[in-house]
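The values are calculated or read from the model by the stated rules, or taken from the named source; none is laboratory data. Model, not experiment: these values are computed from the prediction. No Cβ is skipped: glycine too gets one built from the backbone with ideal geometry, and neighbour counts run over all protein chains shown. In case anyone asks, the SASA skips ligands and DNA or RNA and just uses the protein heavy atoms, side chains included. Shrake-Rupley method; radii C 1.70, N 1.55, O 1.52, S 1.80 Å.
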Amino acid sequence: MAHAEAFFHPHRRRRKLVALAAAFFAMIAVLIVGGLVLLVADGLQRANAVRAEIGEVQEALSERDVQAASAALARAQEEVHVMTERLQMFKVLQPFPYVGVQAASLVVLVEDGQATLEVLQDLLAIAIDIESDLRAVGLVQSLADVEGFVELSPEARRELVLALHRAVPDLEEAQARIAQQRSALETMDPERLFFGLRTVRRELLEQVQLLDDSLTLLIPILSVLPDIGGFNGPQHYLVFLQNDGELRPTGGFWGTYAVLRVENGEIADIVTDDIYTVDFPSEGLISRVPPEPLRQYLGVDRWYLRDANWSPDVPTSLAYALELYRDETQLPPDRPVTAPKVNMVGSALVTSAVGERLLSILGDVTVDDVTFTHDNLYDVLEYQVEQAFVERGVETLDRKDIIGELIDVLLGRLHEADAATLSQLLTATRDLLANNDIMLYSTNGDVQRIFEREQWAGDLRLSAAHDHLMIVDANLAALKTDKAISRAYTYSIYKDVDGDLIATAQINYDHRGGFDYRTTRYRTYTRIYAPKGSELVEVEGALKNDRTKNPNGETGTATVSEEFGATVFGAFTSVEPGESGRLSFTYKLPDRIRDAAAEGEYVLDVQRQPGVGDVALNLDLDFDAPIESAQPEEVSEYWFDDRYTHTTQARPHQQFRIEL
């Protein structure tokens, strides 16, 4: 026993020493990790503070309170200064599991926050310079004292706009830097962050996105504002309210127009009226002949303002509309004209979505005991101008006066909007421009180029090197039936035995309405804008006319023409209420598209017609060759074959790039 005890005793002591050492190192590790966690927690707390101060700076700038913005910016910079000094300690944490990921993310958030503050510092410096300029000429003492832009004197408005215009290069530099920070935050994977950091990232990203989006919208506006704001005398603009329930190539039938007089940076006057008050006095005096589809399917033999938007290229349609407006308002004395006889320097198109967004922000409006909301605007307005005016004893040509009264109320509320409301309006304007619910045209070439650069003009865009698809419907004598039509587009390609690429553009129509005062059988003349040099193979679903004029359903033929560097196929079709219809055009793509695909690259540009609403876009492109990559990507189940299969919602401008 003595020998055994002598043998085991040293081992027991060694085990105790090892246990003590392990406990000691574990305690040290806990202390270190605990300290590091506390360090990250402190960084998180400070990051939250920085994010909050950035919000304060943005809010103060939006309210033109330079002093409050400066104070919030100083507080945020102090927090960032402390965090920057500790960045090296954060970086030490990066090898540690989990905590290291949080530390690395916190480093990125600190750097992005610091860069954002630098941009805000630049914006604040611009605001201080503008305030100093205005104070120097005795126009204002402080921007914060200004209740609103329209409250300024004309001289102060002019000086403010010119000062902002001069700041555009600095704003462009700031926007480029904030766009970099936005990209860095968007690429950070939130799933790898714990809740606190995830919240900081999300809220900081929201602030950066708001700043980026605001600058993206404001910079081009400030670039053109001195030219379009009526600062050198009144300027007049012709605006058309597009009725997307009666779809036309630019987005809807022009049933109502408005003439805006802009002076010293504000809408000084607005006149709205039924477009027939312009067209009717000129009947018999206009000799312009309409395009053949308007003559054949709409039954008109002269081309009036209401049908001027036959071209899907919005600048072309609006330039022609200005010509027609001038001609139809310059009539002999025995033809009285109520429309303003003024020289227009530009034009704009708006859809009902603009009114809906305004009502959602500015609140409901009641006119003559009729309440308009963002949910009921289209339906209630249609009923008022198509049915209720008779019950109210209103003359036909006065039935749309209610639109003018509605606009007057909304303009009044716009003038009284506070900073928070203006921020919502800025976001709404950006969205409406991006979706082609607002489109702009100027007779000033420099201004028009900016509109087109920003994709605010609705211009038809074709690249000779790319495949192209634009489907254009024109509702011809089908009332407001487009509100009852559901569409889907399908574009397919296959390679034939000769190696040519054969394309088919198909439109499916689902008529979900019936017969009533605003809905009937659908009648559309549809055009496909394809790459120049495309050759028609066949058309399916074309009709000579609708069921009442073509009871046997005789098939129609397709027309082929060229414009805007595109080959254009067109045909008429009709769909009865409660039924579905299909119209498709099959054509051979030009050799240059085939050759580009054979060399390994195919690019498809898709443009969606304005006003068409939500439309599914289905692509089925079979190149008979393995696909190496594609943007946008297919879903994984369609990978590793010779076809590109993709379904999405059609948008105003989309590009699909495939490497073969």
Filter the stretch 528-558 down to the residues that are of a type outside the set (Phe, Trp, Tyr), in a strand (DSSP E or B), out of contact with any Phe, Trp or Tyr (no Cβ under 7 Å at 6 or more places or on another chain) and touching a residue at least 40 places away in the same chain (Cβ under 8 Å) and list them by number. Pro531, Glu538, Glu540
Go through the residues of the stretch 275-288 one by one and say whether even a single one is in contact (Cβ under 8 Å) with a residue 40 or more places away in the chain, more than 20 Å from Pro610 (Cα to Cα), open to solvent by less than 30 Å² (accessible area, probe 1.4 Å) and acidic (Asp, Glu). yes
One residue is enough: does the stretch 287-305 have a residue meeting the conditions within 28 Å of Asp227 (Cα to Cα) and more than 26 Å from the chain's Cα centre (by Cα)? yes
Scan of the stretch 572-597 for residues that are of a type in the set (Val, Ile, Thr) and either assigned to a helix (DSSP H, G or I) or farther than 19 Å from His466 by Cα (or both), ordered by number: Thr573, Val575, Ile593
Take the stretch 606-650 and flag every residue that is of a type in the set (Lys, Arg) and buried (at least 20 other Cβ atoms within 10 Å of the Cβ). Arg608
Could you please find all residues in the stretch 451-469 being more than 28 Å from Thr504 (Cα to Cα) and surrounded by fewer than 20 Cβ atoms within 10 Å (Cβ to Cβ)? Glu452, Arg453, Glu454
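This table checks each residue for (1) within 32 Å of the chain's Cα centre (by Cα); (2) surrounded by fewer than 15 Cβ atoms within 10 Å (Cβ to Cβ).
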| position | (1), (2) |
| --- | --- |
| Arg527 | yes, no |
| Asn545 | no, no |
| Thr555 | no, yes |
| Thr559 | no, no |
Need the failing condition index for His653 against (1) touching a residue at least 60 places away in the same chain (Cβ under 8 Å); (2) within 24 Å of the chain's Cα centre (by Cα); (3) open to solvent by less than 50 Å² (accessible area, probe 1.4 Å), just the number. (3)
For residues that are open to solvent by 30 Å² or more (accessible area, probe 1.4 Å) and acidic (Asp, Glu), tally how many sit in the stretch 210-245. 2
Count, please, the residues in the stretch 601-629 that happen to be part of a strand (DSSP E or B) and at pLDDT below 95. 1
May I ask you to verify whether Tyr587 is farther than 30 Å from Arg248 by Cα and surrounded by 19 or more Cβ atoms within 10 Å (Cβ to Cβ)? no
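So that you can scan it fast, the table gives a plain yes or no per residue for (1) exposed (fewer than 15 other Cβ atoms within 10 Å of the Cβ); (2) under 30 Å from Gly55 (Cα atoms):
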position: Ile361; (1), (2): no, yes
position: Thr371; (1), (2): yes, no
position: Leu377; (1), (2): no, no
position: Gln384; (1), (2): no, no
Checked Asp500, Asp446, Asp459 against criteria (farther than 30 Å from Glu601 by Cβ and touching a residue at least 40 places away in the same chain (Cβ under 8 Å)); the one match is Asp446
Restricting the stretch 415-450 to residues that are of a type outside the set (A, V, I, L, M, F, W, C), open to solvent by 60 Å² or more (accessible area, probe 1.4 Å) and in a helix (DSSP H, G or I), the one nearest to Tyr529 (Cα to Cα) turns out to be Arg449
